[in-house]
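The values are calculated or read from the model by the stated rules, or taken from the named source; none is laboratory data. Here the structure is a predicted model, which means the values were calculated and not measured. Side chains are part of the model used for accessible areas, which takes the heavy atoms of the whole protein and leaves out ligands, DNA and RNA. Shrake-Rupley method; radii C 1.70, N 1.55, O 1.52, S 1.80 Å.
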Amino acid sequence: MKKLLSIAAIAAMCITTFTACSDDDGTQTPPPSTVTVTDGLFIINAGNASQQIYGSLTFISKDGTVAQDAFRTANNRSLGNTPNDAIILGSKLYIAVTGENTIEVVDRNTLKSERINTTELMGDDKGKQPRRLAAGGKYVYVSTFDGYVAQIDTTDYTLANIYQAGSYPEGLALQGSYLYVANSDYGNGVNPSLSCIDLNTGTVTDFKDALIMNPTGFATIGDNLYILDAGRYDESWNQADAGVRLMQNGKVTKVVDATMMAVDAQRGLIYTVNAPYTYPATPVTYNVYDISTGETKTFVSGDDIEYPAAIAVDEVSGDVYVTSYKIDPDTGYADYFNNGYVNQYKADGTFVRQFATGVGPTALVFNYNIINE
């Protein structure tokens with residue numbers, strides 16, 4: 001989230017103000033202050049590939065109006081098979097559509113889109129199944145299950161660089177001139193690792209640790225790198241040891257148990273959902289971890305959440321959003337065939353309201369804008 005204008009923009013405003021507003025006593029009008037506002041929320045619905053239910057885009061405006069299947073409405077076509085992640089850079093929303101081998105480049109005002117085909121961009125041996133995104137400067141980065149990360153120049157959507165990562169890379173995080181890659185190994189537990197890409201030199205360094213079992217995502221708060229790890233699975237696919245890890249100075253430590261996380265870097269908080277896949281089912285918990293105190297406490301009880309799918313936090317308001325599948329009354333399990341929903345909460349856990357989503361609401365992106373006060 002960018003909260004400041006560029007130095008060039010500030011300088012230009014100062015020059016204009018000085019020219020227009022100077023008078024005999026030497027006073028000048030200060031440049032207008034800016035503020036970041038949340039103009040809405042994009043929700044990426046993954047659909048259900050096995051049932052040929054294509055993914056979709058839900059947009060919730062700042063006044064609470066919900067636009068379902070907004071991508072199809074704007075483009076007269078489906079978002080496609082298994083959209084998996086999204087990120088905003090400048091005026092564009094970038095959506096990684098895993099099953100289509102594409103990145104949709106969506107104008108976040110009109111929702112009109114153009115496609116980047118990742119196999120055409122990266123090659124058939126490197127560009128299949130784009131998974132996760134990161135952005136910085138004029139570049140968008142995308143990981144693919146072929147084991148690579150592409151650096152895409154957003155001025156012309158050409159390939160600036162391609163880096164070899166590890167086994168089944170998922171989440172990405174930029175920290176200064178370094179790009180971190182979570183190599184999940186598809187949960188096999190044979191070769192999980194983190195890759196650190198030096199964007200200045202192109203050097204890729206692989207890192208392994210006993211606590212790195214199935215890394216899927218990252219978040220940064222200052223110089224701290226937090227890793228979401230899905231843990232390990234036994235022969236019956238019971239999940240264990242999922243959690244948030246902290247990596248500092250090459251050392252990895254456990255922070256909290258979790259299968260999902262959302263970070264409020266402004267306030268130094270990590271919101272977590274711990275919903276491991278086990279039989280019999282493990283009770284789901286919803287907590288918040290304060291990095292300044294090391295304290296973990298309950299965020300919400302979760303009584304109004306049936307089957308959590310994703311969590312995100314609006315760093316402007318501090319509000320937290322949790323998406324969920326509904327429960328199929330016939331099976332008692334998650335309903336992967338019909339629309340889900342998202343609950344909005346205040347930072348203190350107070351329920352605000354619920355909105356409908358599409359099928360499989362698995363990624364959330366806030367539509368931030370900078371305005372003059």
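Summary table below
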quantity	calculated
Solvent-accessible area, 1.4 Å probe, carbon plus sulfur percent, for the chain	48 percent
Separation of alpha-carbon centers, segment 288-332 and segment 178-227, rounded to whole Å	25 Å
Which of Tyr341, Tyr333, Tyr233 is most accessible, then next, and so on - probe 1.4 Å	Tyr333, Tyr233, Tyr341
Residue-normalised accessible area of segment 221-318, expressed per residue, 1.4 Å probe, Å²	49 Å²
Degrees separating the helix 7-21 axis from the principal Cα axis of the chain, which is the longest one	30 degrees
Estimated [θ] at 222 nm from DSSP helical runs (n ≥ 4, -39500 (n - 2.57)) normalised by residues in the chain, nearest 500	-2000 deg cm²/dmol
